[in-house]
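First the structure, in the form of structure tokens, and then the observations on it.
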Amino acid sequence: MLRFRFINSRVSKLKIFVKRLINESLNSVNYLILILLLACQGVIAQDTITVSIDHSSFYMESKFQIGLTHTQSNWQNGNASAVARAKQNLMNATVTLQNVHIMGWGPISPSPSPGVYSWGSLDQRIALMRSMNAEMILTFCTAPGWMKTSGQDWEMNDRVADEHFEDYAELCKVAALRYPDIKYFQVWNEFKGFWSSDLKNWDVAKYTEFYNIVYD
């Protein structure tokens, strides 16, 4: 049983608080608060509101897991004792889902030129995740410069050029086969490069075409 006490409660204050909750990034706790406040508008003059919770049955069971994306380029190469503490802290916190990008935020280009592969830096990041018994996620983003519309390796907000969709799909296939213990893959990240000035919107159709080629 939960008991909430409202002190000097006024509808105007409630509206201000609700507006603040809506403007914030709503998490599950804020949603609960918001629902309770809206439900209580009709009885806001009461000093105490009692909420009873039935624990005899469950609506659903949360499968929430904590995860992280490795974005620091070389933290695993720092002071050995500090790295060991950081890894132990992550394992103690049961941060089991760990993600790395195929290029950028650590790994360099996995394919510096057509038909040529360079896996050393990505291998190191995969080994780091393995050392923490992580459930690994590989994000297929970003792409070698020779595949991008700009032709630049580190133009990070650029996308794969249409004529290189198949080349990128092949790169992703080779990567997936290289790391057979990775079960989860994400195709691209944040629609990078898929903004269309003509459409004045994200080019969902082009991204879907790209996604399907990589997926196949």
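Just so it is clear, none of the values below were taken in a lab; they were calculated from the coordinates. All values derive from a computational prediction rather than experimental measurement. Cβ: placed from backbone, ideal geometry, glycine included. Neighbour counts: every protein chain shown.
Could you order peptides 97-103, 111-117, 207-213 by the average number of other Cβ atoms within 10 Å of their residues, highest first?
97-103, 207-213, 111-117
First check a/c for the range 110-159, with a ≥ b ≥ c the square roots of the eigenvalues of its C-alpha gyration tensor; if it is under 1.5, answer rounded, and if not, answer prolate when a/b is larger than b/c or oblate otherwise.
Prolate shape, in that a/c is at least 1.5 and a/b is the bigger ratio.
For an R0 of 45 angstrom, estimate the FRET efficiency from the Cβ-Cβ distance between Asp198 and Ala93 and round to the nearest 0.05.
Computed FRET efficiency for Asp198 and Ala93: 0.50.
Rg to Rh for the range 58-98: what is it, with Cα atoms only and Rh by Kirkwood?
Result for the range 58-98 is an Rg/Rh of 1.17.
Would you mind ranking Thr94, Thr71 by Cβ crowding within 10 Å, fewest neighbours first?
Ordered from fewest to most neighbouring Cβ atoms within 10 Å, Thr94, Thr71 come out as Thr94, Thr71.
Quick one: if you stick a label point 7 Å off each Cα along the C-beta vector at Ser56 and Ser131, how many nm between them?
Between Ser56 and Ser131, the label points sit 5.3 nm apart.
Taking the mean number of other Cβ atoms within 10 Å as a proxy for protection, how do you rank 61-67, 118-124 from highest to lowest?
Taking the mean over residues of other Cβ atoms within 10 Å, the ranking is 118-124, 61-67.
Of all the C-alpha pairs in the range 62-129, what % are more than 21 Å from each other?
33
Between Leu68 and Phe191, what is 0.36 nm times their sequence separation minus the Cα-Cα distance? Round to one decimal in nm.
Gain on stretching Leu68 to Phe191: 42.3 nm.
Taking only the Cα atoms of the range 67-215, how large is their convex hull per residue, in Å³?
For the range 67-215, the hull spanned by Cα atoms encloses 112 Å³ per residue.
In which sequence would Asp153, Asp181 go, from the one with the fewest C-beta neighbours within 10 Å to the one with the most?
Sorted ascending by nearby Cβ count, the order is Asp181, Asp153.
Roughly how many whole Å is it from the C-alpha centroid of the range 48-111 to that of the range 199-216?
Answer, in whole Å: 29.
For the range 110-119, what does the Karplus curve 6.51 cos²θ - 1.76 cosθ + 1.60, with θ = phi - 60°, yield as ³J(HN,Hα) per residue in whole Hz, taken in order and with x for Gly and Pro?
For the range 110-119, the Karplus-derived couplings read x, 8, x, 7, x, x, 10, 10, 9, 9 Hz, x marking Gly and Pro.
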